[in-house]
Amino acid sequence: GEAALPEGCALALVHAVNPYGFAWNRRVNEDNIDQNRNFLRAGEAAEGAEEGYRVLDGLLNPRTPPGGLDLFLPQAAWNLLRKGLPALKSAIAVGQYEYPHGLFYGGRAPSASQRVLAAELPRWFGDAERVVVLDLHTGAGKWGTYALGVSEDAQSAGARWLRDHFGDRVQGLSSDGVLYPIRGVLGAWLQEQLPESEVLCMLAEFGTRNVVAVLRAIRDENRAHHWGQPDAPATKKARAAMMEAFAPSDPAWRRDCVRQAVAVAEQARATLAEPTP
C-alpha cells in the first residue's frame, strides 16, 4: 500500500538519466560516454586509463565487424585465471578516458545529462537537510540478489549509519566485493552539488548473469555498434544479448528485482524521519 512521506520530506524520481541508451539498448550515451564514469569531481581531470585496460583494449574493443572466429571467451577465462577477478574488475571497469570507442569511457567533458542534473538539483533539493539517493543499476552480482555500494569510506559515519539501517548489503566500492572502485561515480559528485545538505548515496546494484557473460554482452554490443552494420543479424543479436544481460526477460527476476527495489525505497523513506548521523 501507499506510505505517507514524513512531514517536510519530498520524493524525486529521476528516470532514464541516459535517454539515448534507453532508446537504443546501450549502456552509454550518444557520445559513447558511460554516464556513471562521467560525474568527476571539481579538479579531477578527465584523462587516463588503467594500465590493465590498455593491455586488454584489443580484446575488449576489436576494430572489426562481428563474425568469424572470436576467441574472447578463452582469452577472458585465461586472464581471469591469471589475474583474478578483483584485479580484472579494477583494471577494466574503474573508468577510462583515453579510448572514446572503448568500454567504460567516461568522456572528456560533462555529458548533457550531467549538465541537466547540475541545473535541476538545486531546485529539487536546494534546502534539504538530508538527501538519501538510490542510484539504481543492474548487471553485477549474483542472480536475484542486490548490493548497496557507497563511494565514501566504508567506515565513515555516513556509511556506518547506512549499514545500520540497510544491513550488510551496504558495502564500499571495493573490487573484493560485488562492485569495484569507480571513477566519476554519482555519489561524491552529488555531495559537491549540494554542499548545504547531507547526501547519503547508495549505488543499488541488482545481479544478473555472471561477470564474463555480462562483459561479453557489453563488448559485443559495443563492437557491433561501432564496427558492424546497424541492420545486420549480428548487430541485432548483440543488442538482444545486451538487454538480456541487464534486464533479463525472466518474469521471476523482474518481479523480485522490483520488489527488492521498492523495499529499499521504503526503508529510505523511513530513515528520513530519524536523526542525522
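Can we say LEU121 is hydrophobic (A, V, I, L, M, F, W, C) and either assigned to a helix (DSSP H, G or I) or out of contact with any helix residue (DSSP H, G or I) (no Cβ under 7 Å at 6 or more places or on another chain) (or both)?
Numbers: hydrophobic (A, V, I, L, M, F, W, C): yes; either assigned to a helix (DSSP H, G or I) or out of contact with any helix residue (DSSP H, G or I) (no Cβ under 7 Å at 6 or more places or on another chain) (or both): yes.
It is true that LEU121 is hydrophobic (A, V, I, L, M, F, W, C) and either assigned to a helix (DSSP H, G or I) or out of contact with any helix residue (DSSP H, G or I) (no Cβ under 7 Å at 6 or more places or on another chain) (or both).
Would you check which residues across segment 174-218 are in a loop (DSSP other than H, G, I, E, B), among the polar types (S, T, N, Q) and over 30 Å from PHE72 (Cα atoms) and list them? Please lay out each step first, then the result.
Going residue by residue through segment 174-218, those that are in a loop (DSSP other than H, G, I, E, B) are 174-185, 194-197, 207-210.
Narrowing further to those that are among the polar types (S, T, N, Q): 174-175, 197, 208, 210.
Correct list: SER197 only.
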Practice task
Identify all residues within segment 103-118 that are surrounded by fewer than 18 Cβ atoms within 10 Å (Cβ to Cβ) and either part of a helix (DSSP H, G or I) or among the basic types (Lys, Arg) (or both); write none if there are none.
Solution key: ARG108, ALA112, ARG115, VAL116, ALA118
Practice task
Tell me, please, whether a residue that is surrounded by fewer than 17 Cβ atoms within 10 Å (Cβ to Cβ), without any contact (Cβ under 8 Å) to a residue 40 or more places away in the chain and not acidic (Asp, Glu) can be found in segment 123-146.
Solution key: yes
Problem - In segment 29-69, residue nearest to GLN191 (Cα to Cα) [restricted to those that are among the small types (Gly, Ala, Ser) and not in a loop (DSSP other than H, G, I, E, B)] - result: GLY52
Completion exercise
Of ALA268, ALA247, ALA241, ALA261, the only residue that is within 21 Å of ALA147 (Cα to Cα), out of contact with any Leu (no Cβ under 7 Å at 6 or more places or on another chain) and of a type outside the set (Phe, Trp, Tyr) is ALA247
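For every residue, the table says whether it meets (1) in contact (Cβ under 8 Å) with a residue 24 or more places away in the chain; (2) at negative phi; (3) surrounded by fewer than 19 Cβ atoms within 10 Å (Cβ to Cβ).
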site: LEU11; (1), (2), (3): yes, yes, yes
site: ASN36; (1), (2), (3): yes, yes, no
site: GLY48; (1), (2), (3): yes, no, yes
site: HIS101; (1), (2), (3): yes, yes, yes
Practice task
From (1) modelled with pLDDT of 95 or more; (2) within 29 Å of GLY167 (Cβ to Cβ); (3) in contact with an Asp or Glu (Cβ under 9 Å, 6 or more places away or on another chain), pick out the condition that doesn't hold for ALA241.
Solution key: (2)
Exercise for the section: Name the residue, out of LEU69, LEU81, that is farther than 30 Å from PRO233 by Cα and either open to solvent by 20 Å² or more (accessible area, probe 1.4 Å) or charged (D, E, K, R) (or both). Expected result: LEU81
Handout entry: Of all residues in segment 253-273 being open to solvent by 40 Å² or more (accessible area, probe 1.4 Å) and not charged (D, E, K, R), the one that is farthest from VAL211 (Cα to Cα)
Key = ALA273
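I'd like to know if segment 196-205 contains one or more residues that are within 14 Å of the chain's Cα centre (by Cα), charged (D, E, K, R) and open to solvent by less than 20 Å² (accessible area, probe 1.4 Å).
yes
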Handout entry: Residue check for ALA4: loosely packed, with under 11 Cβ neighbours inside 10 Å and within 14 Å of the chain's Cα centre (by Cα)
Key = no
Completion exercise
Checked against (1) at pLDDT 95 or above; (2) open to solvent by 60 Å² or more (accessible area, probe 1.4 Å), VAL211 satisfies every condition except (1)
Practice task
Could you grab the pairs with beta carbons closer than 8 Å, sequence gap of 6+ or different chains, first residue in segment 148-166 and open to solvent by less than 60 Å² (accessible area, probe 1.4 Å), second one among the polar types (S, T, N, Q) and in a helix (DSSP H, G or I)?
Solution key: HIS165/GLN267; HIS165/THR271; PHE166/GLN267
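The values are calculated or read from the model by the stated rules, or taken from the named source; none is laboratory data. Computed from a prediction, not measured in an experiment: that's the story for all the values here. When we count neighbours, we look across all protein chains shown, and the Cβ atoms used for this are built from the backbone with ideal geometry, even at glycine. Ligands, DNA and RNA are stripped out before the accessible areas are found, and what is left, the full protein with its side chains, is counted by its heavy atoms. Shrake-Rupley method; radii C 1.70, N 1.55, O 1.52, S 1.80 Å.
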